[in-house]
Amino acid sequence: MLTSFKDLIRYRAHLGEDTFDVTDVLFNARDGRLKYLMVDTGAWLEDQQTLVAASLIGDIDSENGNVTLRASPDEFSHAPRWQGEHEHLFPLLASMPPLVVGPFGSTYAPMAMAAQIETEKPDRDSDPRAEAAIERFELAQNWIGAEIFGRDGALGTLGDLLLDSEDGRVTHLVIDNGSVLSGKLLVVPFQILRYRATGGHLVLDITSEKLAAAPQIDQIARLDRHWHDDVHSYFMMPV
């Protein structure tokens, strides 16, 4: 099942009787692999963000806007968390040891992380591990609205990311090229992404002519296997 990232950040994450707002997703830009779900665990007037490893994400109910977390109370209490701006996130990620690999390829070692984070908080601007964390992990929010370029110039901007909740990956990019028909979406496979430049823009392995003629769909809820075959065949990508 595909889920719109813009929809996901309006969902509520449930852990037992507790509920939290979903605020962002961390993923690997090289393969689209989902790494962490970010939820707001702060109390009233208190800003606190917590990372939940992809291996601990359960069902995503798009009809009711709910995400079920499979973490135990102990796992959740030791999950990485911070207060303040997102700039504090990357030094935290840099200090997290990749000890346990979950079913989606995520790493999670709560006790080791808690111990090491308390004693070792590298500075993003001076520690190479923080820079490496920036390369490994991407905040989905930072991608929305990014300019997109192809082989022959500008293609538009990124309107959304589509996540496959079963496979745990970002699978498609939703592009606004200024020519999308009303009520339609222009969706391309994530595999045609070549890289994200330092300035934040995305570069795709496609021409503007090829993108302009790509199939458009009317709603994400109607993405079925037939549509997957059509769009991947058009871009000559494996399904």
Note: Gln48 to Asp176 extended length (0.36 nm per residue) minus current alpha-carbon separation gives 42.8 nm
Checking the range 1-98 for chymotrypsin sites (Phe, Trp or Tyr not before Pro) in a loop per DSSP with at most 11 other beta-carbon atoms within 10 Å yields Trp44
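Throughout, read-outs are computed from the coordinates displayed, never taken from laboratory work. Just so you know, these numbers come straight off a predicted model, no measurement behind them. Glycine gets a Cβ as well: all are built from the backbone with ideal geometry, and neighbour counts include every protein chain shown.
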